[in-house]
Structure formats: C-alpha cells, structure tokens
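See below for the structure under consideration.
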Amino acid sequence: MIRAIIFDLDNCLSAADEVGPELLEPTFAAIRQANNGTLSDVALEQAFADCWRHALDYVAARHSFSAEMLTAGWAVAACTEVKTPMYGYPDLGALVELPARLFLVTSGFRRLQDSKIRALGIGSLFEAIYVDAIDEANRKGKQGIFKEILGVYALEPAEVLVVGDNPASEIEAGNHLGMMTVQILRAGVPRGGNAKHHIHRLYELKVLVTQNE
C-alpha cells in the first residue's frame with residue numbers, strides 16, 4: 001500500500017526554465033568570463049543546457065569546469081532567486097486528489113529553490129518540504145533525505161512512491177532504498193531505464209496508488 005509520495009520540483013512540478021532563460025544568464029555570464037579557453041563555445045553551451053536539469057556541482061564535474069569557472073558561477077548562482085509568480089505545470093491540481101501523504105524534496109541552491117516554492121504557492125500541499133541545498137554544509141543528498149523521511153514518518157520503503165524526472169538523482173536514490181520509482185516524462189525529458197514506471201501527467205499517479213492498495 002502506498003502511504004506517501006515524494007516529489008521532485010524542477011521539471012516535475014514546474015519547468016526549470018519557467019521564468020525564462022534570463023534566470024540563469026548571470027551565472028552563465030560569470031562562467032564564460034572565467035572560462036579562459038578551458039572549454040569551447042560549443043562545450044559551454046552543452047554544459048549550460050545541462051544546468052536546467054542538474055545541480056551546478058554535477059554539471060561542473062561532468063563538463064570538466066576549471067576551479068575558477070565553478071567558483072565564479074557558484075558565487076552568482078547562490079544569490080539567484082525568483083521574484084515573479086510561477087504557476088507550474090497545468091496538472092498540479094492532481095496533487096490534492098492523491099490519497100497519500102505528500103513530500104517535496106528538491107536539490108539546488110537554497111535561496112533559489114526556496115524562492116521557487118514561494119513563487120509557486122504550493123507549500124501547503126506537502127506534509128514536509130526538504131531542500132537538498134548544495135551550498136550548505138553537511139549535505140545529506142536526496143538518498144539521505146529519503147531515508148530521513150522513512151524514519152521520521154515511520155514509513156517502509158515499499159509504502160513510498162518517488163516521482164521525478166532525473167534518473168541519476170531521485171530515481172536512483174529511490175531505487176537504492178527499495179521505493180517504487182516513477183519518472184515523469186515532461187517535454188524535453190529523456191526517458192531513463194531505471195524507473196519502475198513512466199508517466200506523462202500527474203493524474204496518472206492516482207491509478208498507480210490505487211493499484212497498490
């Protein structure tokens with residue numbers, strides 16, 4: 001029986017670029033300025049595209065940023081926040097229909113992720129919200145946070161559904177703990193091979209929950 005559902009935020013409940021590409025342009029500009037020939041223009045653009053789906057530390061490692069590039073981008077990104085309203089994907093109304101306890105776990109810079117949650121106005125939908133803040137000490141990571149949720153709320157892994165877009169992040173963490181994982185295939189999200197289920201809209205979750213009663 002599914003008693004709880006853990007959701008990712010970016011590209012799951014709202015598009016990471018919903019407020020527009022200008023959100024991360026100052027970060028990208030700082031990285032370009034510190035590049036000094038480390039990466040080609042093409043390689044930089046590929047890295048910047050990844051920033052809409054992955055945390056900056058992951059992107060920096062994957063694309064071999066220099067220490068100067070990461071430091072420059074980090075300083076700007078840590079101060080970035082959303083200051084305009086956000087609306088999320090049009091199927092967010094499905095969340096109130098789900099017969100389970102809802103949790104939100106999102107990775108990224110603390111200020112930016114908190115500002116997105118405020119801009120969306122969805123805080124009241126969740127029993128608890130966790131930010132896996134990459135700019136804070138003693139980071140637990142998503143797997144650590146998932147494990148904490150199990151303990152605090154007396155849940156068994158088989159009773160928890162994990163929903164997100166990223167196979168290498170929340171899906172992998174949920175699988176490692178024995179939770180049921182669901183990749184949501186929003187526009188532009190490549191299908192991964194490690195989720196137990198795949199959906200396109202949040203309304204499909206109600207069927208999964210009821211099938212596992």
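What follows draws every value from the coordinates through simple rules; no lab data is involved. All values derive from a computational prediction rather than experimental measurement. Note that each Cβ is placed from the backbone with ideal geometry, even for glycine, and that neighbours are counted across all protein chains shown.
Figures for the structure shown
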item: Positions within the range 134-148 being closer than 16 Å to Phe103 by Cβ and of a type outside the set (S, T, N, Q), in sequence order; result: Lys140, Gly141, Lys142, Gly144, Ile145, Phe146, Lys147, Glu148
item: Options Val96, Val59: the member that is without any contact (Cβ under 8 Å) to a residue 60 or more places away in the chain and either among the polar types (S, T, N, Q) or surrounded by fewer than 17 Cβ atoms within 10 Å (Cβ to Cβ) (or both); result: Val96
item: Residues of the range 96-126 that turn out to be assigned to a loop (DSSP other than H, G, I, E, B), within 15 Å of Ser14 (Cβ to Cβ) and in contact with a strand residue (DSSP E or B) (Cβ under 8 Å, 6 or more places away or on another chain), as a count; result: 2
item: Boolean, Ala34 is free of Cβ contacts under 8 Å to residues at least 40 places away in the same chain and closer than 24 Å to Pro190 by Cα; result: no
